[in-house]
1. Cβ-Cβ below 9 Å, separation at least six or inter-chain, first residue in region 55-69 and closer than 9 Å to D7 by Cβ and open to solvent by 30 Å² or more (accessible area, probe 1.4 Å), second of a type in the set (G, A, S) and not in a helix (DSSP H, G or I): which pairs?
2. Does S11 meet the test of being touching a helix residue (DSSP H, G or I) at 6+ places or on another chain (Cβ under 6 Å), small (G, A, S) and surrounded by 12 or more Cβ atoms within 10 Å (Cβ to Cβ)?
3. Being surrounded by 18 or more Cβ atoms within 10 Å (Cβ to Cβ) and of a type outside the set (S, T, N, Q) is the filter here, so list the residues in region 70-84 that pass it.
4. Going through region 17-40 one residue at a time, which ones are more than 17 Å from R57 (Cα to Cα) and surrounded by 18 or more Cβ atoms within 10 Å (Cβ to Cβ)?
Amino acid sequence: MDVARSDIVKSIAGRDQGKLFFVMDTEGEYLLLADGKSRRLESPKRKKRKHTVFAARCDCRTADKIRSGEKVTNSELRRTLAQFGGEGDQDQEG
């Protein structure tokens, strides 16, 4: 499945391995990723497509804003990703 703008992807390589990100834009074989916490909207992470895997296609308000080019806040990204990745964070506890 081809990854498009506003999709949610999971990093499978690098220091951010296992984290979820929104795709803010695509540049050929690269994706611009942001999660609102470690990678904010002001400085998205540039990562190769092969180092990510598709996680979800979100039909939420945040994804609609990204697709339409409206202003999105870092807190909106964090809140939406927390809904998708809540069970992934439990492995790191205790």
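The values are calculated or read from the model by the stated rules, or taken from the named source; none is laboratory data. Computed from a predicted model, the values in this text were never measured in an experiment. Here Cβ is always computed from backbone atoms with ideal geometry, including for glycine, and neighbour counts include all displayed protein chains. In case anyone asks, the SASA skips ligands and DNA or RNA and just uses the protein heavy atoms, side chains included. Shrake-Rupley method; radii C 1.70, N 1.55, O 1.52, S 1.80 Å.
1. Every condition considered, the pairs that remain are R57/A4; R57/S6.
2. It is false that S11 is touching a helix residue (DSSP H, G or I) at 6+ places or on another chain (Cβ under 6 Å), small (G, A, S) and surrounded by 12 or more Cβ atoms within 10 Å (Cβ to Cβ).
3. Scanning region 70-84 gives V72, E76, L77, L81.
4. Selection gives G36, R39.
Here is a yes/no grid of residues against (1) in contact with an Asp or Glu (Cβ under 7 Å, 6 or more places away or on another chain); (2) not basic (K, R):
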position	(1), (2)
I12	no, yes
G18	no, yes
V23	yes, yes
E29	no, yes
R39	no, no
D59	no, yes
